[in-house]
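The values are calculated or read from the model by the stated rules, or taken from the named source; none is laboratory data. Quick caveat, the model's predicted, so the values are computed rather than measured. Because the Cβ atoms are built from the backbone with ideal geometry, glycine has one as well, and the counts that use them run over all protein chains shown.
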Amino acid sequence: MRIFSRLQGTSFVDSTKKIEISPSLILDLKFCIRDLKEFYRYTNRTVIIKYPKLVYYTNYDKFFPTLDIKPYPSQIQFIQAVKSALDLRGNIARPTLIFYRTMIGSGKTSASLALSQLVHECKLLDNRNNNMQVLYTCLIGSVRVQVGRYCYNKQQKFALAAM
């Protein structure tokens, strides 16, 4: 890999000098990394799913490219429907029931985070909204856990339950 070519470090013998790191050391490290990835069945996806704090909202953000993620049209319609039920102070202007039903993989789980952020903003607008909560229900345990991960990474209060 080009990223490992011509690496330099401080000399142990004379700390005022820079020396080039041995190409054979770099090659050995590449083999070790490859073998460790195979042994532990490592993938980037595993890290993102199991240990999202290592990837999201950390000091390591500068090493990962920024992604612009555009919401699905159904997600935009969902948030607009919720907003239409609120007045300018974030209070519920009229009773509203929204049944958000879309096909698999269209962003229902991630839309819960947008909804919880909207509720958080309503609480900031008016103290009377402090009792507002988001209740997310899903039969699939892994989806509930994913919603919990989203909330955890956004430092939002949450609870998980199953019957």
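Write out, first by first residue and then by second, each pair whose Cβ atoms fall under 6 Å of each other, whose residues are 6+ apart or on separate chains, and whose first residue, in the stretch 140-162, is touching a residue at least 24 places away in the same chain (Cβ under 8 Å) while the second is part of a helix (DSSP H, G or I) and among the aliphatic types (A, V, I, L, M).
Here the result reads Tyr150/Leu113, each pair linking the stretch 140-162 to a residue that is part of a helix (DSSP H, G or I) and among the aliphatic types (A, V, I, L, M).
Between a first residue in the stretch 24-52 that is surrounded by 10 or more Cβ atoms within 10 Å (Cβ to Cβ) and a second residue that is part of a helix (DSSP H, G or I) and of a type in the set (Lys, Arg), which pairs have beta carbons less than 6 Å apart while being 6 or more apart in sequence or on different chains?
Pro52/Arg149
Can you pull out the residues in the stretch 119-131 that are in contact with a Lys or Arg (Cβ under 7 Å, 6 or more places away or on another chain) and either at pLDDT 85 or above or surrounded by fewer than 16 Cβ atoms within 10 Å (Cβ to Cβ) (or both)?
First pass over the stretch 119-131, keeping only residues in contact with a Lys or Arg (Cβ under 7 Å, 6 or more places away or on another chain): 125-126, 129-130.
Passing the criteria: Leu125, Asp126, Asn130.
Answer yes if at least one residue in the stretch 71-89 is farther than 24 Å from Gln155 by Cβ, out of contact with any Pro (no Cβ under 6 Å at 6 or more places or on another chain), loosely packed, with under 10 Cβ neighbours inside 10 Å and modelled with pLDDT under 85, and no otherwise.
Yes; the residues of the stretch 71-89 include at least one that is farther than 24 Å from Gln155 by Cβ, out of contact with any Pro (no Cβ under 6 Å at 6 or more places or on another chain), loosely packed, with under 10 Cβ neighbours inside 10 Å and modelled with pLDDT under 85.
What number of residues in the stretch 101-135 are outside any helix (DSSP H, G or I) and closer than 21 Å to Arg149 by Cα?
So the count comes out to 8.
Out of curiosity, is Pro65 at pLDDT 80 or above and either surrounded by 14 or more Cβ atoms within 10 Å (Cβ to Cβ) or in a loop (DSSP other than H, G, I, E, B) (or both)?
no
Count, please, the residues in the stretch 136-151 that happen to be part of a helix (DSSP H, G or I) and either in contact with a helix residue (DSSP H, G or I) (Cβ under 7 Å, 6 or more places away or on another chain) or not assigned by TED's automatic domain parsing to the domain that holds Ser116 (or both).
Number satisfying all stated conditions: 6.
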